[in-house]
1. Considering only DSSP beta bridges where both residues belong to the range 42-92, give the percentage that are antiparallel (nearest 5).
2. Show the residues, 5+ positions off or on another chain, whose built amide H is closer than 5 Å to the amide H of G47.
Amino acid sequence: MDPHPAFARHDLPELGYERSRREPGWAASCRVADRHGEVDLPTFQVGGWYDIFSQGTLDNFTAMRRAGRSATLVIGPWSHVNQRHVVGDVNF
């Protein structure tokens, strides 16, 4: 399968679902879980009060700090895909 034109144009490796189907184990190699000590640059985690993945965001932030790494966390009044000021019936 040909890479996406934007990846080909910039000579970047293919990312995402198709690659993970062709190369078992590739997606797992991109996980940070239990590898926070290997990260040697500052990180910035963003999550929302209504984000279904907020626990993972909090876990990554605390693990980075426990590993002695620079980490910043922002949690705001939004869901996973909606980072606007209105969530449901509430206007923040």
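All of the numbers you see were taken from the coordinates with simple rules; none came from a lab. Please read these numbers as outputs of a predicted model, since none were measured by experiment.
1. On the way: 2 of 9 bridges.
So the antiparallel bridges amount to about 20 percent of the total.
2. V74, I75, G76
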